[in-house]
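Chemist: Starting off with a structure, shown below.
Derivation of every value follows stated rules applied to the coordinates shown; laboratory data play no part. These figures come from a predicted structure and were not determined experimentally. Using ideal geometry, Cβ is built from the backbone for each residue, glycine included, and neighbour counts are taken over all protein chains shown.
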Amino acid sequence: MSKFWNKKTNELLPYVAGEQPKDGVKVIKLNTNENPFPPSPKCGAVLREFDEAELRLYPNTDSQIVRKSVANKFRDYITEENVFVGNGSDEVLAICWQAFFEEEKNTDKKVLVPNISYSFYPVYSQLYDVAIEKVPLKDDFSIDINDYIGKDNCGIAIANPNAPTSIALDLDDIEKIVEANPDRVVLIDEAYAAFKNDYETAITLVNKYDNLIVVKTLSKAYGLAGLRVGYAVGSKELIDGMMRVRDSFNSYPVDRIAQKLAAAAIDDDDYYEANRCKIIRTRDRITNELREIGFDVLDSSANFLFAKPNFISAEELYTKLKEKGILVRFFNKPLIKDYLRITVGTDDEMDQLMAAIKEVKS
Ligand SMILES: Cc1ncc(COP(=O)(O)O)c(C=O)c1O
């Protein structure tokens, strides 16, 4: 509380990010779903060749080269005018919230979000005065699409795969939700979509539905969490709306270095493909190993596991792993307090995790 903050600032309940180790402290970091592998070597080449004199000038407002790379990657479905680029997908999501969602006064219509999902959604809703309805997941933590069909709302936001549950909906089900809500924006947050076994993206539906906005990030599958670049793909009408909001706030969100690195990473499809497959393989191996030693593990389509230890409480295991220098994520929230969210690291990191868990168990 501060007498200098306005009422809104005093009332905010900000997002709490996973803990970051102090500089110089060595830990195995499996708590914020970063990629354990470096980005494409083409990013290294861009950095080495970058001419600092370029920094004298402002960057291109629309991140043109990134738009071009995204449009090229999904060339069968979209063009550059369907792409919006921002400073991390968190910023892109925040702009969507401002551009598309609002509280409809004197009605009980709300923006529908799953009750267990990315914890930034309620935070944006508070910041931008959007009323949300938290729609309960099924007992097995999956989303019932019927909850989003035929129900009055003023927008829908779903992470697919969902976080922290790691479970994905199939594209057919996403399409049913989008189709059933033609007058409302349906936002699909695909931060983790690259890790679904059979890669699917709702971008393939964008030219069919003008109410669909798909948000993606370079922080996970591209190994560029430190760069802060994300993007959205949607109809030109939706993208133009996002640009209106951006240009009312910060016209140059993505710097010159970030634009070049992001474009280089997106263009390197072979590296992306190899990277995501490596993580999927490790994830599936560790899922089995955890199940064998007494965990319930949900079937993950992401680069993390949502796992419940049956021989110790999740909180105690989290603390014991932390003492051993391994950080995983524990959410002290009623519905998920029995679970840990464990990022998939390298094979070696995951072997160390398994050894540490076995030591705790013995
Ligand atoms: C579901 C989901 N969406 C979006 C983000 C934000 O990603 P970034 O801002 O790094 O692009 C995250 C980050 O963990 C996430 O879990």
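Chemist: Which residue, Phe101, Phe304, Phe74, tops the fluctuation ranking in a GNM of the chain built on C-alpha contacts under 10 Å?
Modeler: Phe74
Chemist: Taking Lys337 as the anchor, which lysines have their alpha carbon closer than 22 Å to its alpha carbon, excluding any fewer than eight residues away along the same chain?
Modeler: Within the straight-line cut-off, Lys337 pairs with Lys29, Lys134, Lys138, Lys308, Lys320, Lys322, Lys324, Lys358, Lys361.
Chemist: Another one. Would you mind working out the magnitude of the charge dipole of the chain relative to its Cα centre, with +1 at each Lys and Arg C-beta and -1 at each Asp and Glu C-beta, to the nearest 20 Debye?
Modeler: Numbers: 47 positive and 59 negative charges, 216 e Å.
That gives a dipole near 1040 debye.
Chemist: Over what distance in Å are the Cα centres of the range 302-325 and the range 57-123 separated?
Modeler: 33 Å
Chemist: Using only Cα positions of the chain, each an equal point scatterer, no hydration layer, compute I(q)/I(0) via Debye at q = 0.13 Å⁻¹ and quote the log10 values to two decimals.
Modeler: -1.10
Chemist: Amide H of Phe304 versus every other amide H placed in the peptide plane: which residues, excluding those fewer than 5 positions away on the same chain, fall under 5 Å?
Modeler: Amide H neighbours of Phe304: Val344.
Chemist: Starting from the amide H of Glu133, placed 1.01 Å from N in the peptide plane, find each other amide H under 5 Å away whose residue is 5 or more places distant or on another chain.
Modeler: Amide H to amide H, under 5 Å and 5 or more residues apart or across chains, Glu133 pairs with Val111, Leu112, Val113.
Chemist: Let me ask something else about it. Are there trypsin sites (Lys or Arg not before Pro) in the range 25-95 that DSSP puts in a loop and that have at most 13 other Cβ atoms within 10 Å, and which ones?
Modeler: Passing sites in the range 25-95 are Lys26, Arg75.
Chemist: Ok, one more. If you build a Gaussian network model of the chain, linking Cα atoms that sit under 10 Å apart, which residue out of Asn275, Asn35, Asn332 swings the most?
Modeler: With Cα springs under 10 Å in the chain, the top fluctuation among Asn275, Asn35, Asn332 is at Asn332.
Chemist: For the chain, modelled as a Gaussian network with Cα springs under 10 Å, which listed residue fluctuates most, Val344, Val92, Val27?
Modeler: Val27
Chemist: Still on this structure, please answer the following. What do you get for chymotrypsin sites (Phe, Trp or Tyr not before Pro) in the range 198-240 restricted to DSSP loop and a cutoff of at most 16 other Cβ within 10 Å of the site's Cβ? Could you put the intermediate results ahead of the total?
Modeler: Working: sites: Tyr199, Tyr209, Tyr222, Tyr231; in loops: Tyr199, Tyr209, Tyr222.
Of the chymotrypsin sites (Phe, Trp or Tyr not before Pro), the ones in loops of the range 198-240 whose Cβ has at most 16 other Cβ atoms within 10 Å are Tyr199.
Chemist: Continuing with the same structure: Which net charge results when you count Lys and Arg as +1 and Asp and Glu as -1 among the other residues whose beta-carbon is under 11 Å from that of Thr343?
Modeler: On the way: positive: Lys29, Lys220, Arg283, Arg329, Arg341; negative: Glu34, Glu349.
Residues close to Thr343 contribute a combined charge of +3.
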